[in-house]
Amino acid sequence: MITTLKIIFSIVFVWVCYIVISTSMQSNLFKQWDYLGSIPWMRATLWDFYANVSVIYIWVCYKERSIPAKIIWLILLVALGSIASCAFVLIQLFRLKPNEGLKEFFSKRNG
């Protein structure tokens, strides 16, 4: 199961990186912000994004013991979104010992 999750999250991580980079090369978010901010679905998507970041960040705060790590992950989650989420999950998966499973994945604290 852990190997399957590593594969899935690696694929998602690479795919999201590709989408973000290719979109950034085609369109400048900051130049189009006034237009995008006027679209109701864009505002709803941003609220959804930050609600999701909050949920993930609660887990990050549980997993990470040091304040600097918590702050760094908050900045990464807000700035990079799904890229940072996938990276955090992949780091947690690769930290597991061979005999550990989902219980340790969700509950084992870092550091």
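Laboratory data are not the source of any read-out in this text; all were calculated from the coordinates shown. Remember, it's a predicted structure, so these values are computed and weren't measured experimentally. Ideal geometry is used to build each Cβ from the backbone, glycine not excepted, and the neighbour counts take in all protein chains shown.
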Per the filter on segment 62-111, residues polar (S, T, N, Q), part of a helix (DSSP H, G or I) and more than 11 Å from the chain's Cα centre (by Cα) are 92, 107
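Could you check how many residues of segment 85-106 are among the polar types (S, T, N, Q), over 12 Å from residue 6 (Cα atoms) and surrounded by 12 or more Cβ atoms within 10 Å (Cβ to Cβ)?
Residues in segment 85-106 being among the polar types (S, T, N, Q), over 12 Å from residue 6 (Cα atoms) and surrounded by 12 or more Cβ atoms within 10 Å (Cβ to Cβ): 1 in total.
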With criteria (1) surrounded by 10 or more Cβ atoms within 10 Å (Cβ to Cβ); (2) without any contact (Cβ under 8 Å) to a residue 12 or more places away in the chain; (3) under 24 Å from residue 109 (Cβ atoms), residue 44 comes up short on (3)
